[in-house]
Amino acid sequence: MTDAQPAIEPLLARLCGGEITDKDYVGYFMNEYAEELVFAQRRGDKTARLWHSDADWEMHRIDDHSIRLDGPMDGMITVADLIVNREEATWLSACLAASRHLRQSSRSR
(Lines give C-alpha, C1' and ligand atoms only; values in the text may rest on other atoms or scores of the structure.)
Protein backbone atom coordinates (compact mmCIF):
# COMPACT_ATOMS: atom_id res chain seq x y z
CA MET A 1 0.00 0.00 0.00
CA THR A 2 1.35 3.41 -0.92
CA ASP A 3 0.34 6.78 0.38
CA ALA A 4 1.50 8.61 -2.72
CA GLN A 5 0.42 12.21 -2.65
CA PRO A 6 -0.81 13.79 -5.87
CA ALA A 7 1.80 15.99 -7.51
CA ILE A 8 1.31 19.67 -6.73
CA GLU A 9 2.15 20.88 -10.25
CA PRO A 10 -1.08 19.64 -11.91
CA LEU A 11 -3.13 21.07 -9.04
CA LEU A 12 -1.51 24.49 -9.40
CA ALA A 13 -1.85 24.37 -13.19
CA ARG A 14 -5.59 23.74 -12.84
CA LEU A 15 -5.89 26.50 -10.27
CA CYS A 16 -4.26 29.25 -12.34
CA GLY A 17 -4.81 27.90 -15.85
CA GLY A 18 -1.10 27.99 -16.62
CA GLU A 19 1.28 25.41 -18.03
CA ILE A 20 3.08 23.98 -15.02
CA THR A 21 4.90 20.66 -15.04
CA ASP A 22 7.09 18.65 -12.70
CA LYS A 23 10.05 20.35 -14.43
CA ASP A 24 9.13 23.66 -12.73
CA TYR A 25 10.08 25.06 -9.36
CA VAL A 26 6.69 26.10 -7.96
CA GLY A 27 5.37 28.19 -5.11
CA TYR A 28 1.89 28.89 -3.81
CA PHE A 29 0.69 31.71 -1.54
CA MET A 30 -2.67 32.77 -0.15
CA ASN A 31 -2.90 36.26 1.33
CA GLU A 32 -5.12 37.43 4.17
CA TYR A 33 -7.95 38.19 1.70
CA ALA A 34 -7.88 34.61 0.34
CA GLU A 35 -6.32 35.83 -2.93
CA GLU A 36 -4.00 33.19 -4.35
CA LEU A 37 -0.66 33.54 -6.10
CA VAL A 38 1.21 30.88 -8.06
CA PHE A 39 4.89 31.07 -9.02
CA ALA A 40 6.64 28.80 -11.54
CA GLN A 41 10.22 28.80 -12.80
CA ARG A 42 11.40 26.44 -15.50
CA ARG A 43 15.08 25.55 -15.80
CA GLY A 44 16.69 27.56 -18.57
CA ASP A 45 13.96 30.23 -18.80
CA LYS A 46 15.30 33.72 -18.16
CA THR A 47 12.07 34.72 -16.41
CA ALA A 48 9.64 33.10 -14.01
CA ARG A 49 5.87 33.08 -14.36
CA LEU A 50 3.50 34.59 -11.80
CA TRP A 51 -0.27 34.31 -11.61
CA HIS A 52 -2.50 36.21 -9.15
CA SER A 53 -6.17 35.38 -8.61
CA ASP A 54 -6.97 39.07 -8.07
CA ALA A 55 -5.63 39.75 -11.58
CA ASP A 56 -7.90 37.17 -13.24
CA TRP A 57 -5.05 34.65 -13.30
CA GLU A 58 -3.24 36.59 -16.05
CA MET A 59 0.34 35.37 -16.36
CA HIS A 60 3.15 37.86 -15.67
CA ARG A 61 6.81 37.27 -16.57
CA ILE A 62 9.10 38.29 -13.74
CA ASP A 63 12.78 38.19 -12.81
CA ASP A 64 15.09 39.21 -9.98
CA HIS A 65 14.50 42.90 -10.68
CA SER A 66 10.70 42.84 -10.94
CA ILE A 67 9.86 43.72 -7.33
CA ARG A 68 9.81 47.53 -7.17
CA LEU A 69 9.17 50.01 -4.37
CA ASP A 70 8.47 52.94 -6.69
CA GLY A 71 4.79 52.60 -7.46
CA PRO A 72 2.53 55.59 -8.19
CA MET A 73 1.98 56.11 -4.46
CA ASP A 74 4.82 56.43 -1.96
CA GLY A 75 5.77 53.04 -0.56
CA MET A 76 3.69 51.03 -3.04
CA ILE A 77 5.22 47.70 -4.01
CA THR A 78 4.75 46.53 -7.59
CA VAL A 79 5.65 43.39 -9.50
CA ALA A 80 5.27 43.69 -13.27
CA ASP A 81 1.89 45.48 -13.53
CA LEU A 82 0.61 44.18 -10.19
CA ILE A 83 0.36 45.99 -6.88
CA VAL A 84 1.35 43.59 -4.12
CA ASN A 85 1.48 43.84 -0.34
CA ARG A 86 4.60 43.34 1.76
CA GLU A 87 3.78 39.70 2.57
CA GLU A 88 3.27 38.85 -1.11
CA ALA A 89 6.52 40.60 -2.03
CA THR A 90 8.39 38.73 0.71
CA TRP A 91 7.03 35.37 -0.50
CA LEU A 92 7.82 36.24 -4.12
CA SER A 93 11.33 37.33 -3.21
CA ALA A 94 11.89 33.96 -1.53
CA CYS A 95 10.60 32.13 -4.64
CA LEU A 96 12.91 34.15 -6.89
CA ALA A 97 15.89 33.51 -4.62
CA ALA A 98 15.17 29.77 -4.37
CA SER A 99 14.88 29.40 -8.15
CA ARG A 100 17.69 31.77 -9.21
CA HIS A 101 19.99 28.89 -10.15
CA LEU A 102 17.40 27.72 -12.70
CA ARG A 103 17.44 31.12 -14.45
CA GLN A 104 21.23 31.31 -14.35
CA SER A 105 21.53 27.95 -16.10
CA SER A 106 20.17 29.60 -19.27
CA ARG A 107 23.24 31.88 -19.38
CA SER A 108 25.71 29.02 -19.23
CA ARG A 109 24.25 27.09 -22.14
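Data table
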read-out: Pair list, Cβ under 9 Å, 6 or more apart: segment 9-27 residue touching a residue at least 60 places away in the same chain (Cβ under 8 Å), other residue surrounded by 13 or more Cβ atoms within 10 Å (Cβ to Cβ) and assigned to a loop (DSSP other than H, G, I, E, B); value: 25/43; 25/99; 27/99
read-out: In segment 77-90, the residues that are in a strand (DSSP E or B) and surrounded by fewer than 18 Cβ atoms within 10 Å (Cβ to Cβ); value: 78, 83
read-out: Any hit, segment 36-52, residues being within 20 Å of residue 101 (Cβ to Cβ), open to solvent by 20 Å² or more (accessible area, probe 1.4 Å), in contact with a strand residue (DSSP E or B) (Cβ under 7 Å, 6 or more places away or on another chain) and part of a loop (DSSP other than H, G, I, E, B); value: yes
read-out: Selection status of residue 61, in a strand (DSSP E or B), loosely packed, with under 14 Cβ neighbours inside 10 Å and charged (D, E, K, R); value: yes
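Residues are listed down the side, and each one gets a yes or a no for (1) open to solvent by 90 Å² or more (accessible area, probe 1.4 Å); (2) assigned to a strand (DSSP E or B); (3) at pLDDT 90 or above:
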{"site": "5", "(1), (2), (3)": "yes, no, no"}
{"site": "14", "(1), (2), (3)": "yes, no, yes"}
{"site": "20", "(1), (2), (3)": "no, no, yes"}
{"site": "29", "(1), (2), (3)": "no, yes, yes"}
{"site": "34", "(1), (2), (3)": "no, no, yes"}
{"site": "57", "(1), (2), (3)": "no, no, yes"}
{"site": "75", "(1), (2), (3)": "no, no, no"}
{"site": "92", "(1), (2), (3)": "no, no, yes"}
{"site": "106", "(1), (2), (3)": "no, no, no"}
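The values are calculated or read from the model by the stated rules, or taken from the named source; none is laboratory data. In this text the structure is predicted, and so the values were computed from the model without any measurement. Don't worry about glycine lacking a Cβ; one is built from the backbone with ideal geometry, like all the others, and counts go over all protein chains shown. Only protein heavy atoms, including side chains, enter the accessible area calculation; ligands, DNA and RNA are left aside. Shrake-Rupley method; radii C 1.70, N 1.55, O 1.52, S 1.80 Å.
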